[in-house]
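Below is one structure, written out as structure tokens, with a few remarks after it.
Derivation of every value follows stated rules applied to the coordinates shown; laboratory data play no part. Only a predicted model underlies this, so the values are computations on that prediction, with no experimental measurement involved. Cβ placement follows ideal geometry from the backbone for every residue including glycine, while neighbour counts extend to all protein chains displayed.
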Amino acid sequence: MKIEIGKEFPEYFKPLYPEEFDLFSHFEVTAGIPTVLFAVTTWKENGQPNICFHSWSCFHGDKTAFFAVMGNLYQHTHTYANILREKCFCINFLPISHYENLVETIRHNEYEDDEFASGNFTLSNAGTIHAPMIQEAFISMECTLKEVQDLSGAGVTAMVIGQVQHISVEEEYARGYQKRYGKEGFMMLVPAPQDLVSGEPNQSAIATVNIEKYD
Ligand SMILES: Cc1cc2nc3c(=O)[nH]c(=O)nc-3n(C[C@H](O)[C@H](O)[C@H](O)COP(=O)(O)O)c2cc1C
């Protein structure tokens, strides 16, 4: 038997906190699809470096180009304004051991804040674009802005597509599976899977990748 969930908000869904379903679609917690977590780094207009913890994304391309598709960036963030102004950004993949440092950059999110200092991260400059990078990242991608689209048209979020110009990989992570997957590798977000029978909410979870087999 399938449980069917449509566009109408299921009234039996209980929020984990009062504003949950003002912020997120009920489809998000219906599906609970994991995505990789990373940090977007940009310059603020006042010259301070900015960090944004981000999850809703995918990465792909063809023979001619490779893209970072950030499917859902809030339009109220500094990052959104910075990307529109600078036309570029860096994507930094960090292991789960840096989770709390990244949350610190959300706690200290004023315009005047140096968010590298807030998160205790080391700044290096991207080589091909005007953006700061996180030295502690095991992979960093330098992206130029390709396209921005407000998918829902509600003025709340936007899909921001970057074209990857350059990738830096920490040497310890450069040898295939070693380190890149598991506890020291990619960090994933599992969005709070709702109990679709009782409507009870759940917490979201932070995960790492466990390789099951090779193809
Ligand atoms: C685990 C986690 C994942 C997040 N994913 C996103 C995301 O995908 N898109 C987004 O706009 N904000 C996301 N956020 C919220 C931003 O990190 C937050 O709004 C941040 O303060 C924005 O920074 P800025 O204003 O300096 O750009 C996430 C937060 C956390 C804790």
- [ ] Give the residues of segment 51-71 that are in contact (Cβ under 8 Å) with a residue 60 or more places away in the chain and buried (at least 20 other Cβ atoms within 10 Å of the Cβ), sorted by residue number.
- [x] Ile51, Ala68, Met70
Open item on the list: Going by what's in this entry, would Glu112 be described as in contact (Cβ under 8 Å) with a residue 60 or more places away in the chain and surrounded by fewer than 18 Cβ atoms within 10 Å (Cβ to Cβ)?
Closed with: yes
Task: Restricting segment 137-179 to residues that are crowded, with 18+ Cβ neighbours inside 10 Å and in a loop (DSSP other than H, G, I, E, B), the residue that is nearest to the chain's Cα centre (by Cα) - done: Ala137
- [ ] Name, by its number, the condition in (1) in contact (Cβ under 8 Å) with a residue 40 or more places away in the chain; (2) surrounded by fewer than 19 Cβ atoms within 10 Å (Cβ to Cβ); (3) farther than 30 Å from Asp195 by Cβ; (4) within 12 Å of the ligand (Cβ to nearest atom) that does not hold for Tyr80.
- [x] (2)
Open item on the list: Whether any residue in segment 39-54 is away from the ligand (no atom under 11 Å from the Cβ), under 15 Å from Cys143 (Cβ atoms) and not acidic (Asp, Glu) is what I want to check.
Closed with: yes
- [ ] Considering each of Glu171, Glu200, Glu212 in turn, give the residue that is within 21 Å of Ile139 (Cβ to Cβ) and of a type in the set (D, E, K, R).
- [x] Glu171
Task: Residue that is part of a loop (DSSP other than H, G, I, E, B), within 29 Å of Val190 (Cα to Cα) and not small (Gly, Ala, Ser), where the choices are Asn101, Asn109, Asn82, Asn92 - done: Asn109
